[in-house]
Amino acid sequence: MVGLSLREICGYGLLIVSCIAWVILPAIPFLDISGPQKAAWGGSLFLFAEVTWWAAMPLLGPEVIKWWRKMVERAKASLRGEETATASPYLSFIGQTRHYFDRPHEAARLEPVACEAAWVGREMAPLEALAYQLNDAEVAELHQAMASAEALGRETRTLQAEDFPLPLLSEKIQGWRDTLSSGLGFQVIRGVPVQDWSQAQSELFFWCFGLHLGRPGEQNPDGDLLGHVIDTGAQREDDAVRLYKTAANIDYHCDAADVVGLLCLNKARRGGHSRIVSSVTVFNELCKRRPELVARLYEPFSLDIRDKEVNEAGSTLPIPPCRFAEGVLRTFYHADYFRSAMRHDDVPPLSAQQQDLLDTYEAIAAEEGIYLDMDLQPGDIQLLSNHTNLHARTEYEDWDEPERKRHLLRLWLSL
């Protein structure tokens, strides 16, 4: 008991007594006493075990209560047959994809949706005003948390949120989570001290930051948890290429996770701006301009699975872009993958209506004044909801020096 306060000693004492009572409780039915006595003793012991257990919790402090609640939630999830974080702090690629596409749907809404996520680019404040700037105390907390996590000597993917303690930022992180799930739908944080860290340290930070915000997930069947958005020399002309590995422009799309996060390590010499648009706003404009096309958004499109070979089993999925429930519109859209699905023999060409819808939807999203461009700087974090935003990237020219090449870390999160 060395190092424990009197309050903690009392708390652990009550906890031990409660555990003893719980161990004895199942033996009562086998005692050589009458039925009424068994009922009375059992009821009294059950009440005693409960009272001492919950009396111990406040004495042991909020961290133990938090741990206990986490254990209860894991047990409930296990009983429901759900994947839990007992063995892993992150979701598998399949698990995260299933979670993201499990979008509730009641009925197709064919009229505009009024909500905070229906923002318009020309009405937004400059990025300098929109972003949250970390202050000196918060930056110092990041450095201290980094030292604590590194001292554990564990592989980054095995770390938990508590291994990278952020008590000062915890309230703000909760606010950012609310913004992503039920507010504006995006958040930018500036001032992460990547200039003081190695790439490995930046990866460790971003992983642990994600653990505080939600639950990370694998980004492809290979199990990559932190994506590296950097030009590897891959060519856009390759149908199966992942465009984040090129310097080419990337058309509007969503990722298969509730939230996508980017941490900028280096910016390009020219270009490479992150372009985002509210999918709710695009939907609203479509309702006003081409109402006859809106209903088709609730019907499936074939989505190309780029990790599969042509005509391989499971190479496409039928995905309806829009789902609507409880007043919330959730959209998944992927311009390139909806179109490239036709490389498979079992996917027919787009109908005239489908082509018209995709062209009109993308033309609205590409209108100046509707979208918002962000010139992310080293140390910037961009967080986007994939349910209420589309994101794209402008073409860029990179630096010649390898160490200066445009480089962002990417994280997928389930909330």
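Charge dipole of the chain (Cα centre as origin; +1 on each Lys and Arg Cβ, -1 on each Asp and Glu Cβ, all else neutral): 1080 debye, rounded to the nearest 20.
Per-residue Karplus couplings for region 352-363, computed as 6.51 cos²θ - 1.76 cosθ + 1.60 with θ equal to phi - 60°, are listed in order as 4, 5, 4, 4, 4, 5, 4, 5, 5, 4, 6, 5 Hz, Gly and Pro entered as x. Kindly provide log₁₀ I(q)/I(0) values, in the same order as q = 0.16, 0.18, 0.28 Å⁻¹, from the Debye equation applied to equal alpha-carbon scatterers of region 343-415. Log10 of I(q)/I(0), two decimals: -0.92, -1.02, -1.36. Ordering 249, 47, 415 by the projection of their Cα atoms onto the charge dipole of the chain, which places +1 on the Cβ of Lys and Arg and -1 on the Cβ of Asp and Glu, puts 47 at the extreme positive end. Taking 30 Å as R0, compute the FRET efficiency from the Cβ-Cβ separation of residue 106 and residue 292 and round it to 0.05. Computed FRET efficiency for residue 106 and residue 292: 0.85. Take the Cα radius of gyration of region 269-328 and divide it by 2.2 N^0.38 Å, N being the number of residues; the result is 1.55. With a ≥ b ≥ c the root eigenvalues of the C-alpha gyration tensor of region 158-197, is it rounded (a/c under 1.5), prolate (a/b larger than b/c) or oblate? Cα axes put region 158-197 in the oblate bin. Quick check: from the Cα gyration tensor, does the chain come out rounded (a/c under 1.5), prolate or oblate? Judged from the Cα gyration tensor, the chain comes out prolate (a/c at least 1.5, a/b above b/c). For the listed peptides 370-377, 164-171, a ranking on the average number of other beta carbons within 10 Å per residue, highest first, reads 370-377, 164-171. The peptide list 252-260, 343-351, 136-144, put in order of mean Cβ contacts within 10 Å with the highest first, becomes 252-260, 136-144, 343-351. Charge tally around residue 121: other residues with Cβ under 10 Å, Lys/Arg +1 each, Asp/Glu -1 each, net -2. Here the relative contact order of the chain, from alpha carbon pairs under 8 Å that lie six or more residues apart, stands at 24 percent. Each helix, a run of at least 4 DSSP H residues, gives -39500 (n - 2.57); summed and divided by the residues of the chain, these come to -12000 deg cm²/dmol at 222 nm.
Taken together, the values in this text are just the output of simple stated rules run on the coordinates, not laboratory data. Model, not experiment: these values are computed from the prediction. All Cβ positions, glycine included, derive from the backbone under ideal geometry; neighbour counts span all protein chains shown.
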